[in-house]
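**Q** Can you keep this structure in mind? I'll have questions shortly.
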Amino acid sequence: MTTQMSYMLPSAGYFDNWLILFEQISPYALADIGIGISIGVSVLGAAWGIFTTGSSLVGAAIKAPRIRSKNLISVIFCEAVAIYGVIIAIILSTKMGTPEAYAVNTDTEGCNTMAALRSSWPQLPGGGASCQGSLYMKNLLFPAYAIFNAGVCVGFSNLFCGVCVGITGSGCALADAQNGTLFVKILIIEIFGSALGLFGVIVGIIMSSPAYIK
Amino acid sequence: GILSQGGNTSPVPLPPPQSSCWRRKRAEMITFNLDDGFTEAVVRGYRSGILSQGDYSNLGQCDGLEDMRMHLAVTDYGNFLQNEPSPLQTMTISEKCTEKLVEEFNYIRCNASAELAKFLDYITYGYMIDNVILLLTGTLHERDTSELLEKCHPLGKFQSLATLAITTSPKDAYKLVLVDTPLAVYAQKCFTESQDFTELNIEVIRNTLYKAYLEDFYAYTQKLGGATADVMGEILRFEADRRAINITINSLDTELTKEGRGELYCNFGDLYPEGVMRLERADTQDAVRQAVESFGQYRELFQEDQFNRDKSLEDWFFEYEVKLNKLAFEQQFQYGVFYAYMKLKEQEVRNIVWIAECISQDQKSRINQYIPIF
């Protein structure tokens with residue numbers, strides 16, 4: 001046990017619960033993984049949608065070339081999903097501070113020095129009252145969680161949005177090839193589907209707006 | 001040969017090797033287009049080119065086959081009859097239409113993924129069986145081999161087909177020819193005798209081969225699971241029932257015994273097992289009617305027959321088959337559309353040939369007895 005124990009900050013009253021596992025993860029790691037998930041999983045959803053729609057479009061356009069240009073809208077809707085992911089990733093990236101913030105925020109308040117912990121083990125020094133409001137919690141852990149979960153929120157909602165728009169777009173291309181009047185009607189379904197990604201983006205922005213790693 | 005499975009002694013042909021079909025059962029919609037999106041879209045494009053009622057009424061009003069050539073040129077068929085010499089014959093129209101169908105099938109087969117290719121190969125086995133029987137019957141009646149080869153369906157041709165002409169007994173035919181083809185598994189059971197071929201012999205062989213093929217195909221589609229299993233299951237069950245009814249009716253008052261007849265029925269289908277049991281014991285047309293009456297979709301089969309002599313049993317079966325095949329297109333992300341397209345196109349060729357025959361034989365009154373598709 002070295003002075004590195006200073007970053008071990010329990011927020012519950014005891015050391016023996018599972019929350020410690022998550023709090024051991026560096027806040028920087030959490031935040032960056034969240035940014036990675038937001039762009040990576042969104043792109044997965046967009047790609048899924050594009051190949052689903054694209055393969056049907058290519059095949060159907062052989063016998064009905066007129067559908068070529070109109071049905072690219074489905075592909076554009078899928079692409080928009082990836083763009084949402086990129087936008088959120090950029091926004092979240094700007095909230096990442098530098099590691100200089102780390103040293104500032106892990107100062108002792110009698111809460112995570114070796115001496116204090118040893119004397120009060122297994123309980124927190126002072127019963128945990130002062131730990132909740134520590135700088136580590138406020139300036140590092142909170143933004144880290146916010147950024148991570150905003151990333152997860154955006155990434156997965158875009159994943160399912162992309163898959164949904166892709167399958168609908170495939171049906172749209174095939175239906176349009178048979179009967180041109182069906183295109184606009186099925187496009188409405190796709191518009192509703194792409195709203196799903198938008199919901200994720202809105203919630204992600206709201207979640208991450210108070211977060212900033214100073 | 002590499003395709004022979006000579007050691008198999010089970011009564012039912014071996015199932016095809018395991019494929020990665022697990023994902024189809026669970027996640028069809030999201031993974032189907034990975035491999036088969038393009039080919040499905042192509043086949044749906046072909047489907048939109050199937051002749052409509054308007055096309056048929058135009059064809060019906062033609063005065064001669066030259067007129068028909070002109071009318072077919074504006075449909076999806078295009079100028080396929082362009083290079084045919086002038087006194088056109090219905091045989092030529094039939095051949096060229098089938099040729100177009102074969103071209104479309106080959107295009108899809110070339111672009112097919114592994115699983116779809118296996119499915120399409122299953123479709124060709126039916127034609128292979130027809131060709132084998134054609135060759136054996138023709139040789140029995142001492143026809144010229146090259147003439148017979150020309151009549152064979154192109155999708156069922158395989159390399160050693162011509163060698164069948166020199167075989168005299170089933171065992172011979174199996175050892176020399178069939179053991180190297182995909183039909184080996186189906187032929188194991190019925191190609192064991194060493195007596196020579198006879199008329200009855202060949203009919204029984206045809207039906208036994210086809211029964212084994214249908215059962216294998218059905219087991220395969222059910223293994224694929226998901227929407228394919230549903231759609232193809234319905235179509236193939238009807239096929240099994242139709243064969244059961246036809247075999248029964250055609251073998252009333254012939255030398256085929258009831259046990260012999262019983263062995264030709266498939267082991268699946270809506271009529272299986274009770275209807276099939278009753279069909280096996282049927283002696284008269286009436287008994288056949290009673291056997292199938294309790295099955296809703298076949299109830300009107302024999303009633304309609306009595307009131308409307310123009311439409312035969314076969315026509316009713318064709319109509320029902322067309323209905324099931326049209327329904328196959330209602331679902332996306334499944335293989336049934338490929339099978340359904342082949343069958344609908346064949347029906348269309350039969351319709352065109354019917355109209356052509358009516359026109360050339362001057363029987364315009366019967367021209368509307370084709371089976372309308374769309």
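The values are calculated or read from the model by the stated rules, or taken from the named source; none is laboratory data. Computed from a predicted model, the values in this text were never measured in an experiment. Reconstructed Cβ throughout: ideal geometry from the backbone, glycine too, with neighbour counts over all protein chains shown. For the accessible areas, the whole protein counts, side chains as well, though only heavy atoms, and no ligand, DNA or RNA atoms are used. Shrake-Rupley method; radii C 1.70, N 1.55, O 1.52, S 1.80 Å.
**Q** Filter the stretch A:147-171 down to the residues that are open to solvent by less than 10 Å² (accessible area, probe 1.4 Å) and either more than 11 Å from every other protein chain (Cβ to nearest Cβ) or not in a helix (DSSP H, G or I) (or both) and list them by number.
**A** Within the stretch A:147-171, A:Ile147, A:Ala150, A:Gly151, A:Val154, A:Gly155, A:Asn158, A:Cys161, A:Val165 qualify.
**Q** Also: With (1) closer than 30 Å to A:Ser55 by Cα; (2) assigned to a helix (DSSP H, G or I); (3) among the aromatic types (Phe, Trp, Tyr) as the list, and B:Tyr56 as the residue in question, which single condition is left unmet?
**A** (1)
**Q** Ok, one more. Can you name the residue in the stretch A:41-57 that is in contact with an Asp or Glu (Cβ under 9 Å, 6 or more places away or on another chain) and surrounded by 24 or more Cβ atoms within 10 Å (Cβ to Cβ) and, of all such residues, is nearest to the other protein chains (Cβ to nearest Cβ)?
**A** A:Ser56
**Q** Name the pairs: first residue in the stretch A:38-63 and touching a residue at least 40 places away in the same chain (Cβ under 8 Å), second residue among the basic types (Lys, Arg) and surrounded by fewer than 24 Cβ atoms within 10 Å (Cβ to Cβ), Cβ to Cβ under 6 Å, at least 6 apart or on different chains?
**A** A:Ala61/A:Arg68
**Q** Taking the condition of being open to solvent by 20 Å² or more (accessible area, probe 1.4 Å) and either touching a Ser or Thr at 6+ places or on another chain (Cβ under 8 Å) or not hydrophobic (A, V, I, L, M, F, W, C) (or both), how many residues in the stretch B:216-238 meet it?
**A** Number of matching residues: 7.
**Q** Same structure, new question: Of all residues in the stretch B:157-172, how many are surrounded by 19 or more Cβ atoms within 10 Å (Cβ to Cβ) and under 22 Å from B:Asn106 (Cβ atoms)?
**A** 1
**Q** Which condition does A:Pro143 not pass, out of (1) open to solvent by 30 Å² or more (accessible area, probe 1.4 Å); (2) away from every other protein chain (no Cβ under 14 Å); (3) at pLDDT below 95, if it passes all the others?
**A** Failed condition: (1).
**Q** Any idea which of (1) surrounded by 15 or more Cβ atoms within 10 Å (Cβ to Cβ); (2) closer than 30 Å to B:Phe329 by Cα is the one B:Thr208 doesn't satisfy?
**A** Unmet for B:Thr208, out of (1) surrounded by 15 or more Cβ atoms within 10 Å (Cβ to Cβ); (2) closer than 30 Å to B:Phe329 by Cα: (2).
**Q** Being in contact (Cβ under 8 Å) with a residue 24 or more places away in the chain and open to solvent by 40 Å² or more (accessible area, probe 1.4 Å) is the filter; apply it to the stretch B:321-345 and report the residue that is nearest to B:Leu81 (Cα to Cα).
**A** B:Lys326
A quick yes/no check of all residues on (1) farther than 17 Å from B:Asp130 by Cβ; (2) of a type in the set (A, V, I, L, M):
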| position | (1), (2) |
| --- | --- |
| B:Thr167 | yes, no |
| B:Lys175 | yes, no |
| B:Val185 | yes, yes |
| B:Thr208 | no, no |
| B:Glu215 | yes, no |
| B:Ala219 | yes, yes |
| B:Leu224 | yes, yes |
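**Q** Specify the residue that is modelled with the lowest pLDDT; the eligible residues are those in the stretch B:173-202 that are open to solvent by 30 Å² or more (accessible area, probe 1.4 Å) and among the hydroxyl-bearing types (Ser, Thr, Tyr).
**A** B:Ser194
**Q** Now, a different point. Exactly one condition in (1) in contact (Cβ under 8 Å) with a residue 24 or more places away in the chain; (2) open to solvent by less than 70 Å² (accessible area, probe 1.4 Å); (3) within 14 Å of another protein chain (Cβ to nearest Cβ); (4) not polar (S, T, N, Q) is false for A:Leu182; which is it?
**A** (1)
**Q** Looking only at the stretch B:31-72, filter to residues that are open to solvent by 50 Å² or more (accessible area, probe 1.4 Å) and aliphatic (A, V, I, L, M); which one of those is nearest to the other protein chains (Cβ to nearest Cβ)?
**A** Checked the stretch B:31-72; the qualifying residue nearest to the other protein chains (Cβ to nearest Cβ) is B:Leu34.
**Q** Taking the stated definitions as given, is B:Glu104 of a type in the set (D, E, K, R) and open to solvent by less than 20 Å² (accessible area, probe 1.4 Å)?
**A** For B:Glu104, the condition - of a type in the set (D, E, K, R) and open to solvent by less than 20 Å² (accessible area, probe 1.4 Å) - is met.
**Q** Give the residue, chosen from B:Gln89, B:Gln82, that is farther than 30 Å from B:Gly37 by Cα and exposed (fewer than 12 other Cβ atoms within 10 Å of the Cβ).
**A** Matching residue, one of B:Gln89, B:Gln82: B:Gln82.
**Q** Suppose we filter B:Ala173, B:Ala212 for residues that are over 22 Å from the mean Cα position of the chain (by Cα) and of a type in the set (A, V, I, L, M); which single one remains?
**A** Among B:Ala173, B:Ala212, only B:Ala173 is over 22 Å from the mean Cα position of the chain (by Cα) and of a type in the set (A, V, I, L, M).
**Q** Here's something else I'd like to know. The conditions are (1) surrounded by fewer than 19 Cβ atoms within 10 Å (Cβ to Cβ); (2) under 30 Å from B:Tyr335 (Cα atoms), and B:Asp253 fails exactly one of them. Which is it?
**A** Tallying (1) surrounded by fewer than 19 Cβ atoms within 10 Å (Cβ to Cβ); (2) under 30 Å from B:Tyr335 (Cα atoms), B:Asp253 fails exactly one: (2).
**Q** Quick check on my filter: what residues within the stretch B:136-156 are without any contact (Cβ under 8 Å) to a residue 24 or more places away in the chain, open to solvent by 20 Å² or more (accessible area, probe 1.4 Å) and not in a helix (DSSP H, G or I)?
**A** B:His141, B:Glu142, B:Arg143, B:Asp144
**Q** Picking from B:Val322, B:Val288, B:Val337, which residue would you name as being part of a helix (DSSP H, G or I) and within 14 Å of chain A (Cβ to nearest Cβ)?
**A** Unique residue meeting the criteria: B:Val337.
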